[in-house]
Amino acid sequence: MPVNYITLTSQVTTLGENAKTRQAEFTRKLAQCREALVANDQELIALQRRVEEAVAQNKGLRCAVPLQEPLSTRVSASLPAPACTILSADGSQINPDPHDEVLFGLVNLGLFRIQPGSGEVPREEIITDLLYDEQLHPGSGLSTDDLVALLRDVRERQALVRAAANETQPLITLTDGQLELFHQPSEDPLAKELFEDYLDSLNELALAGVITAGYVSRPRANLVVNLLELITPRDDKSGEHPFAGITDMTLYEELLSSGERSAIFRLQSSSSARYEGRKALHFFYLNVGTPERAAFARVEIPLWVAENPGAVAMLQSVLVEQARHSGSYPYPYPLLRAHEIAVVQMPDRQQVMIMIENELLRRGFPPGRKSEKLFNKGYGDRKRQGT
Amino acid sequence: MNPIAIGRLLRSNTMGCVIGCKLTQSDTPSFGDMLRIPLTDGSQLYGLVYDIHIDDDGLVRQLITAPDVPAEIIEDNRRNRNVPLEMSVVFIGWQANGSISQTRVPRPPLTLDEIFPCGDDEMLQFINSGKFGYLRTILRNQELPAADLVTAHLRQVLKLRPSASSDAWAQRALTEIIALLKDDYPQLMDVLGAVSEIA
């Protein structure tokens, strides 16, 4: 029996009993958070100063920094979106598994190009890179999984730079997820080098005036909430964060109607200083859903986009329009397709492994063996046969 | 001019096969069309299209819930995404060393073999090369829409060369159908009812 249902039943019951209490607590905190947002709606300078003071105390602070727009700003999308070209990229990977017959990794990128309203057939491209030997053991302190993930993110951006070179303006490039690289830059020399490559790609996109954005669907971050916590006294007894559990999405759910965006904020984080000058990271929240079904995203943009109102308006319109093309689960169609092109599934992994094994066998190497652990875990799907 | 392949083989057995082609192909065969599949040994197989279907997938199901689907997204799904049009074909005969047989094919074609439409001359050559043995193949196969398939086939043959000779061929074909179905009155009525639709 995979799960002890006897003990689980009582735990599920307790979860249900707690849900009501948690909901009441959540509603109370959310109301206070919204009050803080309204009370400080125009206090942009004071909020900026408060963030500066807090960063002086805590370099790792992660929060939103207001710029010129009041906190409760709502800007509608102008539809239909103007004519433009959209390039989207997404990546997936095979992480090396030391228990497999052969050790290899793979980064697979999907690139999708569409010109909305043109009626032209969109173009797709798959870029596949096999990782082996020194590429998997570069003598760095990075775990191989982190290395492959970092390579994937950097190559996504480089692929967009290459593709953008052949396009005319206006051009929008989209990626799924944050523009800010996860856990980077780290102290590892190879990670630093790859991070510099990533920044170089952003520089090239900035020089070309490409509208660049990272799209975070259903964001769980609390950047604006953290900002509001800076000006809200903590409970002296418990020391608990006053708005713990509240996310930015819940804060903006009632505020943003279909197609509307929030104010644009600058991102304050431990790595934000590394995104210098025109690369400085900014974001806004966007409801790409319909009046019947809201769908929220955090859209991360660099400064060169954030400081251009026309570029922001175009990006907002394009994202809302493209998300609506996806039907009842609004999500930008170009990102959906880039993901579909890129995704590597288990049969692909098996096929690549067979290709490598055959090549090695052809050259006289003995067949590889799964580790004893992996081999024996393969019996996990045991089923009773017959009577 | 070399003929243009309309698709390639997905799967097969000695009864028939399923072929796939792109959704946008303007020369996609119709129900009842006669096709040929050349094999590497110089022989070729003949078949009739008895089903044409287009599979959906999660994304297509999702897209139809959008209020309107722009032309470029329709084209993306038809041309770029891996959703082929599939055609089921029943084999009706084969050719080897210059002679045609209207019996079961000796071996199935292989994956990704090319499929071509039959020209008028090829159709006439085939139907005049036997004693309607392939009608038995069609009428005895419970899986096929026999009445509609036979009707579509007769209609195509009669369109080739409307003349006294083709009328005589159709008469002989009907006589063969009646003989084959003499012990299956409901099926016979189905086929004759469908055939009567031919103007």
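The values are calculated or read from the model by the stated rules, or taken from the named source; none is laboratory data. Remember, it's a predicted structure, so these values are computed and weren't measured experimentally. Ideal geometry is used to build each Cβ from the backbone, glycine not excepted, and the neighbour counts take in all protein chains shown.
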| said: Taking the conditions exactly as written (in contact with a His (Cβ under 7 Å, 6 or more places away or on another chain) and surrounded by 11 or more Cβ atoms within 10 Å (Cβ to Cβ)), does B:GLY16 satisfy them or not? | reply: no
| query | Hey, does segment A:316-324 have a residue that's within 14 Å of another protein chain (Cβ to nearest Cβ), surrounded by fewer than 24 Cβ atoms within 10 Å (Cβ to Cβ), assigned to a helix (DSSP H, G or I) and not aromatic (Phe, Trp, Tyr)? | reply | yes
| Can you tell me which residues in segment A:347-373 are within 18 Å of A:LEU131 (Cβ to Cβ) and either within 14 Å of chain B (Cβ to nearest Cβ) or not charged (D, E, K, R) (or both)? | A:ASP348, A:GLN350, A:GLN351, A:VAL352, A:MET353, A:ILE354, A:MET355, A:ILE356, A:LEU360, A:GLY368
| Taking A:ALA64 and the conditions (1) under 30 Å from A:LEU255 (Cβ atoms); (2) assigned to a strand (DSSP E or B); (3) within 14 Å of chain B (Cβ to nearest Cβ); (4) of a type in the set (Gly, Ala, Ser), which numbered condition does it fall short on, given that it satisfies the others? | (3)
| query | Does segment B:46-59 contain at least one residue that is farther than 30 Å from B:GLY193 by Cβ, of a type in the set (A, V, I, L, M, F, W, C) and under 19 Å from the mean Cα position of the chain (by Cα)? | reply | no
| note | Of the residues in segment A:325-354, those that are β-branched (Val, Ile, Thr) and buried (at least 21 other Cβ atoms within 10 Å of the Cβ) come to A:ILE341
| said: Considering only segment A:113-128, I want to know if a residue exists there that is surrounded by 18 or more Cβ atoms within 10 Å (Cβ to Cβ), out of contact with any Ser or Thr (no Cβ under 9 Å at 6 or more places or on another chain) and within 25 Å of A:GLU359 (Cβ to Cβ). | reply: yes
| Somewhere in segment B:38-53, is a residue among the hydroxyl-bearing types (Ser, Thr, Tyr), modelled with pLDDT under 95 and under 30 Å from A:GLY327 (Cβ atoms)? | no
| request: Output the residue which, of all residues in segment A:104-147 that are within 14 Å of another protein chain (Cβ to nearest Cβ) and assigned to a loop (DSSP other than H, G, I, E, B), is modelled with the lowest pLDDT. | output: A:GLY119
| message | Can you list residue pairs whose Cβ atoms sit under 6 Å apart, with the first residue in segment B:63-91 being under 16 Å from A:SER118 (Cα atoms) and the second being assigned to a helix (DSSP H, G or I) and of a type outside the set (S, T, N, Q)? Count only pairs 6 or more apart in sequence or on different chains. | response | B:VAL69/B:LEU63
